[in-house]
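Here the structure is laid out as C-alpha cells; the discussion comes afterwards.
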Amino acid sequence: MPGIASMSNSRLPPPSGAWPTTRSTWIRAAARGNPVEWAVVAARDGFEGRADPGLVLRLGLLAAFAAACTAFAVRAFERYRRSL
C-alpha cells in the first residue's frame with residue numbers, strides 16, 4: 001500500500017504514457033516495460049470507452065506485476081520478522 005500511495009502522490013516518470021506527444025522513439029520503447037505506462041494507457045482507454053484486447057492485456061500485466069510485488073513484499077517482511 002505505501003508504494004501505491006507514493007506513486008499516486010509523486011510525479012509520473014518520463015517513460016510513461018502521461019506525455020504521449022513529447023516522447024521520442026527510445027522513450028516509447030522503454031515505456032513498454034513500465035507498469036506506470038500500462039496503468040496510464042489502460043485508464044485512458046477505459047475513460048475513452050475503448051475496450052480492445054490490448055486493454056485486457058495491459059490490465060492483466062498490471063495485475064500480475066502487482067501480485068508479484070505483493071508476494072515479494074510479504075516474503076521479505078516474513079524473513080525480516082524471523083530475523084528479530
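Read the figures in this text as sums done on the coordinates, not as results from a lab. If you're wondering where the values come from, they're calculated on a predicted model, not measured in any experiment. Here the Cβ positions follow ideal geometry from the backbone for every residue, glycine too, while neighbour counts run over all protein chains shown.
Defining a contact as two alpha carbons under 8 Å apart and six or more residues distant in sequence, what relative contact order in percent does region 15-83 show?
Relative contact order for region 15-83 comes out at 26 percent.
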task = Please report, to one decimal in angstroms, the Kirkwood hydrodynamic radius of region 15-83 built from all distinct Cα-Cα pairs.
result = 13.7
request  = Quickly work out the Arg44-to-Arg28 label distance, labels modelled 7 Å from Cα along the C-beta direction, and quote it in nm with one decimal.
outcome  = 1.2
